2 protein chains.
Amino acid sequence: MDKLFKALNDPTRRAILEQLRGKEMSAGDIAGCFTVSKPTISHHLDLLKQAGLILAEKRGQFIIYSLNTSVLEECFAWLLKMTEKKKGSAL
Amino acid sequence: MDKLFKALNDPTRRAILEQLRGKEMSAGDIAGCFTVSKPTISHHLDLLKQAGLILAEKRGQFIIYSLNTSVLEECFAWLLKMTEKKKGSAL
DNA sequence: TCGATATTTAGATAATAATCTAAATACAAA
DNA sequence: TTTGTATTTAGATTATTATCTAAATATCGA
């Protein structure tokens, strides 16, 4: 949960996730969408991978990244809990 | 959006939001639930307020905080977009 | 094998963020 | 109006994070 919220906290990382929506991309393709350096993108990809939000697959000299939204369920569940009325509460 | 994700990134702040579920609490009440100092809690409350996640109302010498989950809609919407299948995509 | 490409790792730096203590402010009650 | 309680603000410190350049690693193609 901690890693998930941490991963989602950065605007560049959220933008990476949005880029990955509906298509796979190599690390270089992803880096090409942003102005920050490739090592920086590589670092963001690492954090996203640690959070389980993306999957990495090596294909030849490329590393292909794809989105994994299943881990967002945990985030959804927490948000849902927060928005639901608590039992026995007036609020 | 940025402030929202930032506010949700810290475990103490998420715990504060959970405490506030179903009941209003003074700043002191909230601080009493945690081991960190009162100024630290005050700072967390400020960030939560900036994100619109809590409301503050002064009552006499107390400041009463309450949850405002409506801003979480934005977060929900983003997560939903991410989990939805993109139009014209194979994934 | 050698040179080019793709990506990461290492190491450094600068910006943010969490936390603390001490002091300031606001209010209440005596 | 003085004392005590509630809370925040100021200022400093430490930890974390984002970012960069340079170097290392891995793979491809000639």
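Quick notes
- At 1.002 mPa s and 20 °C, Stokes D of the protein assembly as shown from Kirkwood alpha-carbon radius, µm² per second: 119 µm²/s
- For A:Ile54, the amide hydrogen comes within under 5 Å of the amide hydrogens of A:Lys49, A:Asn68, counting only partners 5 or more places away or on other chains and with H modelled in the peptide plane.
- Inter-chain shielding of A:10-22 (mean C-beta neighbours from other protein chains, 10 Å cut-off): 3
- Under a model in which nothing but the beta-carbon of Lys, Arg (+1) and Asp, Glu (-1) is charged, the range A:1-89 shows a dipole of about 240 debye around its Cα centre.
- If you plug the beta carbon distance of B:Lys81 and B:Gln61 into 1/(1 + (r/R0)^6) with R0 = 45 Å, you get a FRET efficiency near 0.50.
- For chain A, adding -39500 (n - 2.57) for each run of n ≥ 4 DSSP H residues and dividing by the number of residues yields -15500 deg cm²/dmol at 222 nm.
- Here is how far apart the A:Ile63 label points are across copies: 4.5 nm, shortest first, using a point 7 Å from Cα toward Cβ.
- Expressed as a whole percent, the accessible area of the protein assembly as shown that falls on carbon and sulfur atoms is 52 (1.4 Å probe).
- Globularity index of chain B, i.e. its alpha-carbon radius of gyration over 2.2 N^0.38 Å: 1.31
- Inter-label distance, nm, simple model (7 Å from Cα along the C-beta direction), A:Lys23/B:Thr40: 4.6 nm
- Peptide A:72-81 is shielded by partner chain Cβ atoms: per residue, an average of 3 of them sit within 10 Å of its Cβ.
- Ascending list, in nanometres, of distances separating the B:Lys49 label from those of the other copies (7 Å, Cα toward Cβ): 4.3
- Principal-axis tilt of helix A:72-83 within chain A, Cα atoms, nearest 10 degrees: 30 degrees
- Cα centroid of the range B:1-33 to Cα centroid of the range B:36-89, whole Å: 8 Å
The values are calculated or read from the model by the stated rules, or taken from the named source; none is laboratory data. Every value quoted in this text rests on a predicted model; they were computed, and no experiment measured them. For neighbour counting, all protein chains shown are included, and Cβ atoms are generated from backbone atoms with ideal geometry for every residue, glycine included. These area figures cover heavy atoms from the full protein model, side chains too; ligands, DNA and RNA do not enter into them. Shrake-Rupley method; radii C 1.70, N 1.55, O 1.52, S 1.80 Å.
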